[in-house]
Amino acid sequence: MKHLVAPSILSADFANLQRDVEMLNKSEADWIHVDVMDGVFVPNISLGFPVIKAIKKHTKKPLDVHLMIMNSDNYLQMFKDAGADNLSVHYEACPHLHRTVHAIRDLGMKAGVAINPHTPVNVLQDIISEIDLVILMSVNPGFGGQKFIEATHQKVKYLKQLIKTKKSKALIEVDGGVDLKNISLLVKNGADVLVAGNTVFGSKNPNETILHLKESK
C-alpha cells in the first residue's frame, strides 16, 4: 500500500484551528494525528475532549489519537465519544495492555500501541497480531519540534520483520521529527504512516508540503 501522511494538529495554529483543519480537509493528508498528554506520563499537557470534539466536527479525515497518558483505560469510551477513529496507548503506561487493546477494539476503534525510543520492538511480539498499528516514537514524547532519532530506521526494519513473522496486519507509524529528508528511507524500510507536525505547519505552503511527503518514495 502507498504510505499515509498524518499531520499532527499539535503543531497547528490554535487561534485558527478550524482554518487549519479545513486546510487539511482539502489536502492530500490521510489522517489527522492528535496528541493527548497528561503532564504525568510526559512532561507536557495538551489536547482534551472539547478540542478533539471541535476538530471532529470540522474534519473529513480520520482522527488518529495518540494517548501519552496514565490510566488510559478510564477514558476509552470518552475518546470514542469525542470522535477518535484510531486510539493508540503507550506500552510503557499500560500494565494490562492486552485488556486495553481489546477494550479499544470492542468500542469500534482501531487499536494501536506506541513505544518510546528506548523501548525495544520485541516487547510487542505477544500483542502484535492483535493490534492495528504500532507507533514508533522517533523522538522522546512530550514536545514537538525535536530532532529525529536516527536509530529509528533500524527499528522500523526490526518491526517490519516481526510483523511478517507473526503474520500481523499492523501498520507501522513513525512519529517525531519526520521531514522531507528522512521520509524516503523510512518508507523504504517499511513505514506505512508518517506523522508530521512542524514540517507541515511550519511550511510556507502546508498543502504542497503534504503532497511532497505523500509523493516521497
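Of all residues in segment 23-43, those being farther than 18 Å from Val195 by Cα and either under 17 Å from the mean Cα position of the chain (by Cα) or free of Cβ contacts under 8 Å to residues at least 40 places away in the same chain (or both) number 5.
Do we have Gln161 as free of Cβ contacts under 8 Å to residues at least 60 places away in the same chain, over 21 Å from Leu213 (Cα atoms) and not hydroxyl-bearing (Ser, Thr, Tyr) here? Break it down stepwise before answering.
Details: free of Cβ contacts under 8 Å to residues at least 60 places away in the same chain: yes; over 21 Å from Leu213 (Cα atoms): yes; not hydroxyl-bearing (Ser, Thr, Tyr): yes.
Yes.
Taken as a whole, the condition of being farther than 22 Å from Leu194 by Cβ and surrounded by fewer than 21 Cβ atoms within 10 Å (Cβ to Cβ) applies to Phe49. Does Ile210 satisfy being in contact (Cβ under 8 Å) with a residue 24 or more places away in the chain, within 17 Å of His33 (Cβ to Cβ), more than 15 Å from the chain's Cα centre (by Cα) and crowded, with 17+ Cβ neighbours inside 10 Å? In short, yes.
Residues in segment 154-174 include at least one that is closer than 24 Å to Asp20 by Cα and either surrounded by fewer than 20 Cβ atoms within 10 Å (Cβ to Cβ) or within 16 Å of the chain's Cα centre (by Cα) (or both).
Does any residue of segment 45-52 turn out to be hydrophobic (A, V, I, L, M, F, W, C) and out of contact with any Asp or Glu (no Cβ under 9 Å at 6 or more places or on another chain)? The answer is yes, given that some residue of segment 45-52 is hydrophobic (A, V, I, L, M, F, W, C) and out of contact with any Asp or Glu (no Cβ under 9 Å at 6 or more places or on another chain). Is there a residue in segment 16-25 that is closer than 14 Å to Val65 by Cα and in contact with a helix residue (DSSP H, G or I) (Cβ under 9 Å, 6 or more places away or on another chain)? There is no residue in segment 16-25 that is closer than 14 Å to Val65 by Cα and in contact with a helix residue (DSSP H, G or I) (Cβ under 9 Å, 6 or more places away or on another chain).
Among the residues of segment 82-99, the ones that are surrounded by fewer than 21 Cβ atoms within 10 Å (Cβ to Cβ), of a type outside the set (A, V, I, L, M) and touching a residue at least 24 places away in the same chain (Cβ under 8 Å) come to 6 in all. Condition check for Lys110 on (1) more than 17 Å from the chain's Cα centre (by Cα); (2) basic (Lys, Arg); (3) closer than 19 Å to Met1 by Cα: one failure, at (1). Glu150 meets all of the listed conditions (1) closer than 15 Å to Leu4 by Cα; (2) surrounded by fewer than 15 Cβ atoms within 10 Å (Cβ to Cβ) but one, namely (1). When only residues in segment 52-77 that are of a type in the set (A, V, I, L, M, F, W, C) and out of contact with any Ser or Thr (no Cβ under 9 Å at 6 or more places or on another chain) count, which is surrounded by the most Cβ atoms within 10 Å (Cβ to Cβ)? Top of the filtered list is Ile55.
Bear in mind that the values in this text are calculations on the coordinates, not laboratory data. These numbers come from a predicted model, not from an experiment. Every residue, glycine as well, gets a Cβ built from its backbone with ideal geometry; the counts of neighbours run over all protein chains shown.
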